[in-house]
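Participant: This is the structure, below, for whatever I ask next.
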Amino acid sequence: MEKTVVIVGGGWGGCAAACSARRAGARAVLLERTDMLLGTGLVGGIMQNNGRLAAALEMEALGAGELFALTDRCARHRNVSFPGHAHATLYDVGLVPGEVLQHLRSLGVEVVFQARVSGVEREGNCLQAVLCSDGRRFPADAFVDATGTAGPMANCQRYGNGCAMCVLRCPSFGGRVSLTGLCGVAEWVGEKAGGGPGAMSGSCKLHKGSLSRRLQEKLERDGVAVIPLPPPLREDHLAQKACQQYAQASYRDNLVLLDTGHAKLMTPTFPLEKLRQVPGFENARYEDPYAGGKGNSLRFFAMAPRDDALRVEGVENLYCAGEKAGLLVGHTEAIVTGTLAGHNAARQLAGRPPLVLPRALAVGEAIAYVREQMATGEGRRKKYTFSGSVLWERLGQLGLGSVDGGEIAERVARTGLTGVFAE
């Protein structure tokens with residue numbers, strides 16, 4: 001009988017885990033709380049900026065390039081530069097979710113929507129099944145927790161400015177529930193750079209059609225627009241951001257827009273009455289969150305203690321992916337951890353030892369370094385991404401920042417892991 005991996009959470013991390021587990025020979029069942037895949041990937045859209053290109057090229061050489069190729073096929077713009085970031089690809093947030101769903105189904109992944117996990121069955125240190133709030137039961141041999149760290153509403157109300165009506169849609173589908181937490185494992189809580197638990201999502205989305213024709217044309221032509229702000233209109237949210245790679249003065253002194261289908265505004269929140277005073281924004285309207293003039297979603301409240309194989313401490317057959325694996329920010333980071341988590345879940349079912357990516361690779365260094373940093377108070381006040389800030393700087397210091405495809409393929413070959421995720 002085919003052994004089963006159940007993945008809880010259909011964001012980029014969960015989707016990558018499902019692909020990886022299925023490709024490694026397991027039956028993969030993906031449970032998603034809402035009626036759409038990708039979570040914050042529904043309103044994200046930035047790939048390949050700075051070290052994310054290096055990570056994507058490593059994953060391609062390791063045999064797991066399919067989701068990166070998919071976002072490339074759905075790109076609105078390639079090789080875009082914006083403050084502090086080079087050679088970015090901006091994917092169309094309207095096209096990618098459907099393409100991902102089709103790809104998962106083509107692999108034979110079973111995708112179950114509106115399946116909010118609210119309970120578990122456990123024997124000793126082994127998880128037996130997950131239980132949904134509507135009574136459905138999903139048994140499996142191994143599990144991946146990709147439930148994320150954003151929300152639920154109580155956290156946004158207590159530590160933010162209330163429910164901002166974001167794409168996670170907790171009022172309709174119920175708030176996030178942590179599978180790791182349901183197993184009784186104590187989780188890490190991240191902190192804002194300026195103090196206090198959690199961190200605010202780093203960008204808003206404006207309805208592109210609500211902007212002036214001139215701005216629309218510039219976005220559709222160049223993919224980016226940088227509009228200087230007069231000092232009286234500036235808002236300083238840099239210390240609140242989950243995305244510390246954008247915590248630069250340029251993002252305080254300007255409105256930075258990216259074209260991902262929406263007009264992606266690179267600030268957590270910006271008062272609508274101020275925004276409409278800027279030429280070209282007179283009729284601006286938020287698409288995500290709908291209350292983007294007041295607040296945004298809160299993230300990094302529940303991260304799993306885990307090893308470098310991404311197995312959760314205290315549960316023999318539970319792995320973690322995406323933000324659940326630590327203070328990792330971004331789609332690329334979620335795909336990297338999801339791929340390893342799903343692969344290792346399948347390896348366990350095949351009786352093989354887990355794969356730990358060596359620190360000679362950027363992806364291996366990221367997974368190990370973030371685990372180390374999460375054990376310290378100072379480390380939990382930082383955020384980690386291939387695209388900037390602490391992790392990107394460290395990779396440069398270690399000589400792992402190259403984005404040359406040939407050099408990266410050789411680096412992977414030296415580890416003996418070329419194509420390992422395609423096994």
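The values are calculated or read from the model by the stated rules, or taken from the named source; none is laboratory data. What you see is a predicted model, and the numbers here were worked out from it, not measured in a lab. Neighbour counts are summed over all protein chains in view; Cβ atoms, including those assigned to glycine, are modelled from backbone coordinates with ideal geometry. These area figures cover heavy atoms from the full protein model, side chains too; ligands, DNA and RNA do not enter into them. Shrake-Rupley method; radii C 1.70, N 1.55, O 1.52, S 1.80 Å.
Participant: For segment 254-329, what's the relative contact order in percent, using C-alpha pairs closer than 8 Å and at least 6 residues apart? List each step's numbers first, then the result.
Facilitator: Details: 79 pairs, mean separation 14.2, N = 76.
Reported as a whole number, the value is 19 percent.
Participant: Given the peptides 373-379, 32-38, arrange them by the average over their residues of other C-beta atoms within 10 Å, most packed first. Let's see the in-between values first.
Facilitator: Details: 373-379: 13.4, 32-38: 21.0.
Peptide ranking by packing, descending: 32-38, 373-379.
Participant: According to a simple spin-label model (label point 7 Å from Cα along Cα-to-Cβ), what is the distance in nm between H207 and E187?
Facilitator: Once both label points are built, they end up 3.4 nm from each other.
Participant: What are the principal axis extents of the Cα atoms in segment 323-387, in Å, biggest first?
Facilitator: Sorted from largest, the Cα extents of segment 323-387 read 38, 23, 23 Å.
Participant: How large is the convex hull of the Cα atoms of segment 255-398 per residue, expressed in Å³ as a whole number? Before the final figure, lay out the partial values.
Facilitator: Details: hull volume 21.1 nm³, N = 144.
Roughly 146 Å³ of hull volume per residue.
Participant: Need one value: the accessible area of E121 in square angstrom, 1.4 angstrom probe, rounded to the nearest 10.
Facilitator: Surface accessible to solvent at E121 totals approximately 60 Å².
Participant: Here is a further query. Taking every alpha carbon pair in segment 1-100, what does the distance histogram look like in 5 angstrom bins from 0, in percent?
Facilitator: Binned Cα distances yield the sequence 3, 13, 20, 22, 20, 12, 6, 3, 1, 0, 0.
Participant: Okay, next question. Could you please state, rounded to a whole Å, how far the C-alpha centre of segment 4-25 is from the C-alpha centre of segment 345-382?
Facilitator: 18
Participant: Normalise the Debye intensity by I(0) for segment 1-55, one equal point scatterer per Cα, no solvent, then take log10 at q = 0.17, 0.22, 0.30, 0.31 Å⁻¹ and round to two decimals.
Facilitator: Log10 of I(q)/I(0), two decimals: -0.63, -0.85, -1.08, -1.11.
Participant: Karplus couplings for segment 379-390 from phi (6.51 cos²θ - 1.76 cosθ + 1.60, θ = phi - 60°), rounded to Hz, Gly and Pro as x?
Facilitator: Taking θ as phi minus 60°, the curve returns x, 6, 8, 10, 10, 10, 8, 5, 8, x, 6, 4 Hz for segment 379-390.
Participant: Further question on the same structure: Using r as the Cβ-Cβ distance of T418 and F113, and R0 as 22 Å, what FRET efficiency do you calculate, to the nearest 0.05?
Facilitator: On the way: r = 36 Å, r/R0 = 1.63.
My answer for the efficiency is 0.05.
Participant: Using Cα pairs under 8 angstrom and six or more residues apart, how large is the relative contact order of segment 1-90, in percent?
Facilitator: 24
Participant: Between their Cα atoms, which of K274/K324; K294/K382; K274/K383; K208/K383 are more than 26 Å away from each other?
Facilitator: Working: K274/K324 35 Å; K294/K382 24 Å; K274/K383 29 Å; K208/K383 29 Å.
The pairs that break the limit, which is 26 Å between Cα atoms, are K274/K324; K274/K383; K208/K383.
Participant: While we're looking at this one, here's another question. Can you give me the distance in nm between label points at K3 and E121, each placed 7 Å from the Cα along the Cα-to-Cβ direction?
Facilitator: 1.9
Participant: Distance between the C-alpha centers of segment 65-126 and segment 37-59? Whole Å please.
Facilitator: If you average the Cα positions of each part, the centres end up 9 Å apart.
Participant: Right, here's the next one. In Å and from the alpha-carbon atoms only, list the Rg and Dmax of segment 82-235.
Facilitator: Reported Rg and Dmax, both Å: 20.5, 62.
Participant: Estimate the FRET efficiency between E313 and V356 by the formula 1/(1 + (r/R0)^6), using the beta-carbon distance for r and 25 Å for R0, to the nearest 0.05.
Facilitator: Working: r = 15 Å, r/R0 = 0.60.
In this case the efficiency is close to 0.95.
Participant: Could I ask something else about it? What residue among P354, P139, P232 shows peak mean-square fluctuation when the chain is described by a Gaussian network model with Cα springs under 10 Å?
Facilitator: P232
Participant: So if R0 is 51 Å, what FRET efficiency would A375 and D134 give, r being the distance between their Cβ atoms, rounded to the nearest 0.05?
Facilitator: Working: r = 38 Å, r/R0 = 0.74.
FRET efficiency, A375 to D134: 0.85.
Participant: Using a 1.4 angstrom probe on heavy atoms only, work out the carbon and sulfur share of the accessible area of the chain in %.
Facilitator: Values: 7320 of 15040 Å².
Ligands and nucleic acids excluded, carbon and sulfur reach 49 percent.
Participant: Just add up the charged neighbours of C170: K/R +1, D/E -1, any other residue whose Cβ is under 12 Å from the Cβ of C170.
Facilitator: After counting each charged neighbour, the total is +4.
Participant: Follow-up. What's the local net charge at A54, with K and R +1, D and E -1, over the other residues with C-beta under 12 Å away?
Facilitator: Values: positive: R52, R411; negative: E58, E60, E365, D404, E407.
In short, -3.
Participant: I'd like the orientation of helix 213-222 relative to the chain: the angle between its Cα long axis and the longest Cα principal axis, in ° from 0 to 90, rounded to 10.
Facilitator: Helix 213-222 and the main axis of the chain meet at about 40 degrees.
Participant: So for the pair E220, D236, with labels modelled 7 Å out along Cα→Cβ, what separation do we get in nm?
Facilitator: In this crude spin-label approximation the distance works out to 3.9 nm.
Participant: Sticking with this one: For V312, which sequence-distant residues (separation of 5 or more, or a different chain) have an amide H within less than 5 Å of its own amide H, given hydrogens modelled in the peptide plane?
Facilitator: Long-range HN contacts for V312: L318, Y319, C320.
Participant: Still on this model: For segment 189-300, build the convex hull from the C-alpha positions and give me its volume per residue in Å³. Numbers along the way, then the final one.
Facilitator: Numbers: hull volume 10.6 nm³, N = 112.
Per residue, the Cα convex hull of segment 189-300 comes to 94 Å³.
Participant: Moving on to the next point. Hey, can you rank 212-219, 257-264, 92-99, 15-22 by average C-beta count inside 10 Å, highest first? Please report the intermediate quantities before stating the final value.
Facilitator: Working: 212-219: 15.9, 257-264: 24.0, 92-99: 18.0, 15-22: 31.9.
Highest-to-lowest ranking by the protection proxy: 15-22, 257-264, 92-99, 212-219.
Participant: Please list, or write none, the aspartates and glutamates whose alpha carbon is within less than 16 Å of the alpha carbon of K218, excluding same-chain residues fewer than 8 places away.
Facilitator: Counting by Cα, and skipping residues close in sequence, K218 has these aspartates and glutamates nearby: D259.
Participant: If ligands, DNA and RNA are left out, what is the accessible area of V189 with a 1.4 Å probe, given in Å² to the nearest 10?
Facilitator: 60
Participant: Taking the mean number of other Cβ atoms within 10 Å as a proxy for protection, how do you rank 385-396, 106-117, 62-73 from highest to lowest? Before the final figure, lay out the partial values.
Facilitator: Values: 385-396: 21.7, 106-117: 16.7, 62-73: 19.7.
So the peptides 385-396, 106-117, 62-73, ranked by packing, come out 385-396, 62-73, 106-117.
Participant: Per residue of segment 136-144, what does 6.51 cos²θ - 1.76 cosθ + 1.60 with θ = phi - 60° give for ³J(HN,Hα)? Whole Hz please, x for Gly and Pro, Karplus curve as stated.
Facilitator: 5, 10, 10, x, 6, 8, 8, 9, 10
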